[in-house]
1. In the neighborhood of Tyr47, defined by Cβ-to-Cβ distances under 10 Å, what is the net charge if each Lys or Arg adds +1 and each Asp or Glu adds -1?
2. May I ask you to list the lysines whose Cα is less than 19 Å away from that of Lys33, ignoring any residue fewer than eight positions away on the same chain?
3. Excluding residues on the same chain fewer than 8 positions from Lys54, give the lysines whose Cα lies under 19 Å from its Cα.
Amino acid sequence: MSEHNDSDNQQLTPYQNDYSEEKLQDKLSKYAKTAGAKLVFYVLELYYVMTSAKTPLRYKAIIVGALGYFISPFDIIPDLMPVLGYTDDAAVLLAVVKAVSDSLTPDIKELAFRKLKDWFPDVDISDIDY
């Protein structure tokens, strides 16, 4: 079982209001290329873990907060800043991927990978831990 710190959940809670499936789709459709394949892969993994009926509710709450943080234009480093804009998002998403890793099944990874290949058919994704 992955360790989870309650303070991490409290920090993400304000961003839960920023999450909706429509907002997530909108953000990805507009900024997927800018954010990069690796970051989008983390988002997809978390989305598919969150929508799984097998995922514990506490994980879903953490994931909603992380995806809300990704969607929110008001985070630590604004997404519009060149190069640095998504570093804070990547750190949050990766931390949550690790926190919920025991719910990250091979089937979920495969779904995320297939969707990523649909969106990034020509991108080298060899550095993504698949």
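Bear in mind that the values in this text are calculations on the coordinates, not laboratory data. It should be emphasised that the depicted structure is a prediction, and the values quoted were computed from it without experimental measurement. Neighbour counts are summed over all protein chains in view; Cβ atoms, including those assigned to glycine, are modelled from backbone coordinates with ideal geometry.
1. On the way: positive: Lys115; negative: Glu21, Glu45.
So the environment of Tyr47 carries a net charge of -1.
2. Lys23, Lys115, Lys117
3. Lys98, Lys109
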